[in-house]
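Structure provided below as structure tokens; questions to follow.
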């Protein structure tokens, strides 16, 4: 692993969830390395701390990459590190997105947090193909 302004620390969860911690920088252009989710070997993401606002909050961004041959739809949430236990228990219901098959998103998803150093990116309730049809996908790794 090459050293960058981002140091990715990996923590594993059981079940249909994943999260990562990232130390950020205010460079605005340096993304962390692509990181495989805990449950899905072909769903990756990367994060960056984009900028500090005058309010004292930081804009944290995440971008996803889907290596599967089907569209993936899932919930995600970016939360402060201190909220990791809460989000693991309650889940992330606010942000549901889909990423086309074999695609890296061209857009970024973001949130504003007071957290300056570390965040969790929590991913769960993934479904392949058309959302709302069929069961959620089990972990494949």
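Laboratory data are not the source of any read-out in this text; all were calculated from the coordinates shown. Note that the structure is a prediction, hence the values are computed from the model and not measured. We place every Cβ from the backbone using ideal geometry, glycine too, and count neighbours over all the protein chains shown.
Could you give the length gained by full extension between residue 133 and residue 57, i.e. 0.36 nm per residue of separation minus their alpha carbon distance, to one decimal place? Numbers along the way, then the final one.
Details: separation 76, 0.36 × 76 = 27.36 nm, distance 3.82 nm.
Additional length available on full extension: 23.5 nm.
Just need the relative contact order of region 21-141 here, percent rounded to a whole number, with Cα pairs under 8 Å and 6+ apart. Can you show the working numbers first?
Values: 271 pairs, mean separation 36.6, N = 121.
Averaging sequence separation for qualifying contacts and normalising by length gives 30 percent for region 21-141.
Taking a quarter of the surface of the Cα convex hull of region 62-141, what do you get in nm²?
Details: hull surface 24.0 nm².
Quarter of the Cα hull surface area: 6.0 nm².
Relative to the present Cα-Cα distance, how much length would full extension add between residue 70 and residue 95 at 0.36 nm per residue of separation?
Gain on extension, residue 70 to residue 95, equals 7.0 nm.
Over the Cα atoms of region 57-101, what Rg and Dmax result, in angstrom?
Rg then Dmax for region 57-101, in Å: 12.6, 38.
Same structure again: For 69, 54, which order do you get if you count the other beta carbons within 10 Å of each Cβ and list the fewest first?
Least crowded to most crowded, the residues run 54, 69.
At 7 Å along Cα-to-Cβ for each site, give me the label-to-label distance between residue 108 and residue 141 in nm.
Calculated label separation equals 2.3 nm.
Would you mind computing Rg(Cα) / (2.2 N^0.38 Å) for region 94-141, counting N as its residues? Mind showing how you got there, number by number?
On the way: Rg = 13.8 Å, N = 48, 2.2 N^0.38 = 9.6 Å.
So the Cα radius of gyration is 1.44 times the expected 2.2 N^0.38 Å.
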